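**Q** Sharing a structure with you now.
Derivation of every value follows stated rules applied to the coordinates shown; laboratory data play no part. Model, not experiment: these values are computed from the prediction. Quick reminder, even Gly has a Cβ in these numbers, built from the backbone with ideal geometry, and neighbours come from all protein chains shown.
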Amino acid sequence: MRVIIQRVKEAKVLVADKEISSIGKGLLLLVAIGKGDSYADISYLADKIKNIRIFEDNNEKMNLNLKQTKGQILSVPQFTLYADTAKGNRPGFDKAADAKTAEKIWKEFNNLLRDDAISVEEGRFAAKMQVKLINDGPVTIWLDSKEK
């Protein structure tokens, strides 16, 4: 499982030019499910994301986590994080999970994030989305559950 975390001041998702979800201060997550990802993968990354200290304290040091800042999450499915560009110029996506499996795991991941009373909004699985954000920092971090 791969997740790109972006610390944001606000973010929203549009489908067919209509806003379907939005958050204020918090984290925009671009989430990809790979073949063979399991509950251990989503549990590891959900815990990491809930506790990662990437928000600034009063001394402008990244010392606070999402729960401490009462931030929100916007989770957006993005299978293209598994793009393989080793051969040629057209990316391959053989390492991404099939759509049915990926959607189920992504929903379960979002529910794990909600377990600590964190507000989680969602993009729409398998939809063509526009994601608009104001990146805060910018702070952008890549996580991969296979790289523990």
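**Q** With everything on Cα atoms, drop me the angle between helix 99-114 and the longest principal axis of the chain, reported from 0 to 90° to the nearest 10.
**A** 10 degrees
**Q** Test of the criteria: in segment 51-148, which chymotrypsin sites (Phe, Trp or Tyr not before Pro) are in a DSSP loop and have at most 14 other Cβ atoms within 10 angstrom of their Cβ?
**A** Hits after loop and neighbour filter: PHE93.
**Q** Taking R0 as 22 Å, what's the FRET efficiency between GLN130 and ARG90 from their Cβ-Cβ distance, rounded to 0.05?
**A** Here the calculated transfer efficiency is 0.40.
**Q** On to the next question. Provide the percentage of antiparallel DSSP beta bridges, counting only those with both residues in the chain; round to the nearest 5.
**A** 75 percent
**Q** State which stretch of the chain is the longest one without any exposed GluC sites (Glu not before Pro), exposure meaning a DSSP loop state and at most 14 other Cβ atoms within 10 Å.
**A** Within the chain, the longest run free of exposed GluC sites (Glu not before Pro) spans 61-146.
**Q** State the label only: which of [x] 10.1; [y] 12.6; [z] 9.3 corresponds to mean projected area of the Cα convex hull in nm² computed from the shown model?
**A** [z]
**Q** How about segment 1-101: which trypsin sites (Lys or Arg not before Pro) there are in a DSSP loop, with at most 15 other Cβ atoms within 10 Å of their Cβ?
**A** Here the sparse-neighbourhood loop sites are LYS35, ARG53, LYS61, LYS70, LYS87, LYS95.
**Q** For LYS67, go through the lysines and keep the ones whose alpha-carbon is under 24 Å away, minus same-chain ones fewer than eight residues off.
**A** LYS9, LYS12, LYS25, LYS48, LYS50, LYS107, LYS132, LYS148
**Q** Grab the beta carbon distance between TYR44 and ASP17, set R0 = 30 Å, and tell me the FRET efficiency rounded to 0.05.
**A** So the FRET efficiency works out to roughly 0.25.
**Q** Residue separation times 0.36 nm, minus the C-alpha to C-alpha distance between LYS67 and LYS9: what's the value?
**A** 19.3 nm
**Q** For the chain, what is the relative contact order in percent, using Cα pairs closer than 8 Å and at least 6 residues apart in sequence?
**A** 38 percent
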